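The next block holds one structure in the form of C-alpha cells; read it before the comments.
The values are calculated or read from the model by the stated rules, or taken from the named source; none is laboratory data. Note that this is a predicted model, so its numbers are computed, not measured. Positions of Cβ are backbone-derived with ideal geometry, glycine not excepted, and every protein chain shown enters the neighbour counts. The protein model used for the area step is the full one, side chains on, heavy atoms only, and it has no ligands, DNA or RNA in it. Shrake-Rupley method; radii C 1.70, N 1.55, O 1.52, S 1.80 Å.
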Amino acid sequence: MSISVLVADDQGIVRAGFAAVIDAEEDMTVVGEAADGAEAVQLAAELAPDVVVMDVRMPELDGITATRIITGRQDTTRVLVLTTFDLDAYVFDALRSGASGFLLKDVHAAELLQGIRVVAAGESVLSPSATRRLIGHYASAAVTGTESGVRELDSLTDRERDVLAVIASGLTNAEISGQLGITIGTVKSHVNALLRKLGLRDRVQATILAYDLGLARPNPPGAPL
C-alpha cells in the first residue's frame, strides 16, 4: 500500500522539491501541500495522511503547534519534523508535541524517504545530532522518577519495563531481541502493550517518558551512544 504524505513548508521551492522526491517513490504519494501551519492542520484533518512532513518555522501557525494539534486529533497521522535549525528547543518541543521524528533539511533524499517509511510504520527516527542533544539534556539534569511516574509504571510487567528501558537506548526490535533473549515477535508484543498501557503514540514518546521517570540513564561520558 502507498504511504500518503502531506508536505508542509512555507518556502514554495523547498516544498515542491520535497514533494517531487517523495512522489517519485513507488510506495509513496503526496496527497497535499501546505504553505503554513494552519493549512497543514486543515489539510491533515481533510486528507488524513499517513505522514506529515512538517517544517518548524512557518507563518500563521508554527510547525510545533501544528504538530501538537494534528497528533492530538488524529491517532493514525504521524509527523516527521524537518528543519534547518538544529536547536535544543526545536528538538524537545517537536518530540513533546507528538512528532515521531526529527531530521535536518540537509539530509540526503534517501534518509528522508527512509525516515518517512519508518515513521509510517509506527517507529521513530531522530537525526544523530537530535539524539545527542536529547541524551545530553538528560545527562546534564538530575532526572528522577516522580511518585506519580512510579505509579504509572506499576501497570507494566517486569519484562515490559525492561523493554521500555532498552527502547530508550535507541535499539531496534532485532537488537532488543538479541539483548533480552526473546523473539522479535515477543518484542513487538511487549512494545505494543507498554505503549497502550502508558497511552503513548510511539517510541519517541516512550524514550522521553523513560528518561523523565529515571528508568533510563544517559551513557557515561566517552561511552558509545
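Assorted remarks:
- Under 15 Å from the Asp212 label point (7 Å along Cα→beta-carbon), backbone N, region 95-114: 95-100
- Average accessible surface for region 1-75: 47 Å² per residue, computed with a 1.4 Å probe over protein heavy atoms with every protein chain in place.
- Accessible carbon and sulfur surface of region 1-95 relative to its total accessible area, %, 1.4 Å: 51
- As an equivalent ellipsoid, region 15-54 spans semi-axes of 18, 12, 6 angstrom, where each value is the square root of five times an eigenvalue of the C-alpha gyration tensor, largest first.
- Estimated distance in nm for a label pair at Asp27 and Asn192, the labels positioned 7 Å out from Cα along Cα-to-Cβ: 1.9
- Per-residue SASA entry for Thr65, accessible area with 1.4 Å probe, Å² rounded to 10: 40
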